[in-house]
1. Exactly one of these conditions fails for residue 69: (1) within 29 Å of residue 135 (Cα to Cα); (2) modelled with pLDDT of 95 or more; (3) touching a helix residue (DSSP H, G or I) at 6+ places or on another chain (Cβ under 7 Å). Give me its number.
2. List, please: which pairs have Cβ atoms under 6 Å, are six or more places apart or on different chains, and start with a residue in the range 150-167 that is farther than 18 Å from residue 80 by Cβ and end with one that is surrounded by 10 or more Cβ atoms within 10 Å (Cβ to Cβ) and at pLDDT 85 or above?
3. Quick check on the range 40-54: of everything there that is touching a strand residue (DSSP E or B) at 6+ places or on another chain (Cβ under 7 Å) and part of a loop (DSSP other than H, G, I, E, B), which residue is surrounded by the fewest Cβ atoms within 10 Å (Cβ to Cβ)?
4. Only one of (1) over 19 Å from residue 35 (Cβ atoms); (2) free of Cβ contacts under 8 Å to residues at least 24 places away in the same chain fails for residue 97. Which number is that?
């Protein structure tokens, strides 16, 4: 049995049922201005629902940002019907950045509010190499003070996830 391992690009995702014919934007948003082509950007990918461009202050050359064309501030704001197109695009760009930059891997991240310099949902795709100078998640990581505290946090998140999935 042969498995087709070609990446599914966002244009191959059936977008005909998505209610995005009139894409909402915020003209005071820097990324909406890029989407509307009012501000120049080094665009590396575009489909009907997303746009990707090089970060102006990259961690490394090839650091790209993928945004939904609709003005959405954070990942929780992303409607269900845009989850697949956004993440299909992120997967494609991860492969493209790694290949084009001859990188050994990549770092893919989304900030929600904290450390989000532009209040428009965006996915960072950063090419990585061993010993490139970036450490872990760029900040100190600390273990839970006790197994009980870890369990308390687990229960709180599990309860919130159950409540949210019941909506």
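The values are calculated or read from the model by the stated rules, or taken from the named source; none is laboratory data. Everything quoted here is computed from the prediction, not taken from an experiment. Neighbour counts run over all protein chains shown; Cβ positions are idealised from the backbone, glycine included.
1. Of (1) within 29 Å of residue 135 (Cα to Cα); (2) modelled with pLDDT of 95 or more; (3) touching a helix residue (DSSP H, G or I) at 6+ places or on another chain (Cβ under 7 Å), only one is false for residue 69: (1).
2. Final answer for the pair search is 150/144.
3. 42
4. In the conditions (1) over 19 Å from residue 35 (Cβ atoms); (2) free of Cβ contacts under 8 Å to residues at least 24 places away in the same chain, residue 97 misses (2) alone.
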